[in-house]
Every structure is written in structure tokens, then in C-alpha cells.
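Here the structure comes first, spelled out in C-alpha cells, and everything after it is commentary.
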Amino acid sequence: MILDFSLNNLDNRDCMISIKNEHRPIFVYGMGNGALKIMHFFEEYGIKIAGFFASDEFARGHSFCGFDVKKLCEIESEYDDFVIVLAFAAGYDSLITKIRGLASKYTLYAPDVPLFFEGKMQLFNFEYVKENFDKLKQVYNMLADEKSRQIFTDVINFKITGNTDYLFKTECETGEEFDILSLSEDEIFVDCGAYKGDTVSEFLENTNGRYSHIYAIEPDIKNFKKLKEKFDNTDNTELFNAAVWSCDSTVCFDSKSGRQSSISESGKEISALSVDSILQGGKVTYIKYDIEGAENEGLLGSSESIKKHKPKLLVSLYHRNEDIFELPLYIRSLNADYKFYLRRKPYIPAWDTVLICINK
């Protein structure tokens, strides 16, 4: 049985303060955008590092932020003890297992830096939790089962502390979300962020290939080409090369031909569609949103369909700091009869945390 969701029962050890108070050498594991965000906060907090290291295959002659990038074995030969700060996302089993091993041997922090944000980049620290506690508490009280409440609490504690032990406790079995969704063989599915068709394939697997209609929407042109190759001739399936948005419009889109493509001021202008305009009042039974930080816009553009048809929803809650409380609260404002569940696939940091909404 978990404790009540209260400030007193949360772990208040802010990740950056814990790192700042370290007296052992601090090494950042990884290079790239995540490492740059972490270095931004290290500068803000006055944290000095001893260097960077990378997996052996990436450490050959690289330099990053003025440091030669080392191999782990080189650091281990020089230091008896040190602190590791993880600066990249890990989503496949062998890498997660490797990080688990490092966390069991050394002190390891995985700072939760936002994927997307407007204005000043904000940490999800204990001060942020206090500022938004009333909303967080509302979401906690909305959750339908103890497992969801435990995941919610542990994800919040991870975000505050950067302690991966909290993440490892929240990992769910593959397919648990579909156990809750309980898809039928006559679903009308809208896939917001269809990527290369992986979630359409999951949908078909969980409906035995039977359904009424599929609408798959993907903005990245290279991803869309793969989606089209796979499903263009599939019965009762419509494919849209567009961003999902709050209204029919154009948006600037930064195409990276992968999962990190996103709406960006520096991107190329593309078409954007709302779910409501695609459906034109027609029935929908299931909508999935994984649209790289645009989930709020996507929900705004689905509001009439959600209010009218009360479809099952699967919503990513990890792209922006505020998503974990703002998105569930908005969905509840559209349909007070939803039951809310949280599930999370293995990932470091707390990516692949999803909200599942089922009409009572």
C-alpha cells in the first residue's frame, strides 16, 4: 500500500543540489542535446565536472564541451570512486541493463531535463512540485487503480531526484496498456503521430487485424513514406502527411526522420490538421497521441470528438514538464466519466509514460 500523495511523503532531494554537494569527481555519460541541457543547469548551479565518457564505440577521439571524451575503463583506471550523470535516453533492454549495472556499482543520477519547453528551461524539481502541487494532487486522486498511483508517485520522485531506482520500480509488462484498452474488432482508430506504422501494427495485432477504420497522421515526410509503403493499400485506412494540431493550419516542423521530429520555429512550414476536422463529426472509438510535445494542441483539436463520442485515449505524458498534470486535467474537463490509468514501459528517463482513458 502506498502512502498518501503529499509533499511530506515525496522525496525532496533535488537532483542538481545533490550533484552540487558531491565531493567525488563527476563524469557525464553521453554527448549531444541532453548533455548540453544538463551542462546548462550545471552552469546555473555552479557544478564543475571532471569530464565526459561514452560507450566504447563512441569514445574514439571525440571531444565535447572542451573535454576529451573518455572510455569508462579509462576513468575506472584513474579513479577508485566517482559519480555518473546520465545524459541520454535509453530505451532498449541491453542498454537499460548496462545502466542498471552502473547504478548498482556507482552513484548515478539521470537528471530529468525537459524535451520541449517555451521560454526559460525549467527543471521538474521540488520547488516546481510545490508550485503545481494542487494540480498534481488532483491527478493522483483521479487515477483508477493503485498501480497507476504508485507509478505517478515514483515518476514524480524520479523527476525530482534523478534516482533511477524509482524508474525501475515503475516498469510495466509489454502490452499492459492494451489489457486496459480492451480493443474490440470494430474500432475506429485515429493514430496521432503514426511514425512508420509501428502503432498501427500494434493496433492490428491487438484487434486480430479486424477494425472499422484507421486514420493515421504523420508529419515527417520520410517516416510518412515508410508508413505509406506499409499501409497504403490497407482496407478502410486513410493516411495523412500532416502535423496534428488544434485547428487546420500550417506549422513549422523540424524533420529529423526519427522520433525526435517536432514542431519548431526553425523548421519548414507544413500542413497541420485537427482530429475534429478529419472526422467531421464522425464516430471515433480510440485515439492515440504521441506527437512530440504537441499533445496539448492535439487534444484541443479533438475536443468535440472526445465530448461527443468519448473514445478510448492513449496519451503520452512526458514531452513537457506540465503534461503529467495539465493533460489529464484537460481531458477530465472534456469528459468527467473517464477512468484514468498510468502505465510506463522500460525507459530511462521517464519516457513512455502514458495516460489511458476509458469511459466508465
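Values quoted throughout were computed directly from the atomic coordinates according to the rules given, and no laboratory measurement underlies them. Bear in mind that the values here come from a model prediction, so they are computed numbers and not experimental data. Note that we place each Cβ from the backbone using ideal geometry, even for glycine, and neighbour counts take in every protein chain shown.
Structure notes:
- For segment 138-181: rounded, prolate or oblate by the Cα gyration tensor [a/c cutoff 1.5]: oblate
- Ordering C172, C247, C15 from the fewest to the most neighbouring beta carbons within 10 Å gives C247, C172, C15.
- Going from the fewest other Cβ atoms within 10 Å to the most, the residues W245, W351 appear in the order W351, W245.
- Ellipticity at 222 nm from helices only: DSSP H runs of n ≥ 4 in the chain, each -39500 (n - 2.57), divided by the residue count, give -10500 deg cm²/dmol.
- Rounded, prolate or oblate (a/c below 1.5 giving rounded, otherwise prolate when a/b exceeds b/c) for segment 267-360 by Cα gyration tensor: oblate
- Helix 93-105 axis, angle to the chain major axis (alpha carbon atoms, nearest 10°): 30 degrees
- Relative to the longest principal axis of the Cα atoms of the chain, helix 133-142 runs at roughly 50 degrees.
- The dipole here belongs to segment 176-316: it is taken about the Cα centre, uses +1 on the Cβ of Lys and Arg and -1 on the Cβ of Asp and Glu, and is about 200 debye.
- If you take the Cα centroid of segment 317-336 and the Cα centroid of segment 1-75, the two points sit 29 Å apart.
- Relative to the longest principal axis of the Cα atoms of the chain, helix 33-45 runs at roughly 50 degrees.
- For Cα Rg over 2.2 N^0.38 Å, calculated from these coordinates, the label among (1) 1.16; (2) 1.03; (3) 1.27: (2)
- Prolate/oblate/rounded label for segment 13-111 (Cα gyration tensor, a/c 1.5): rounded
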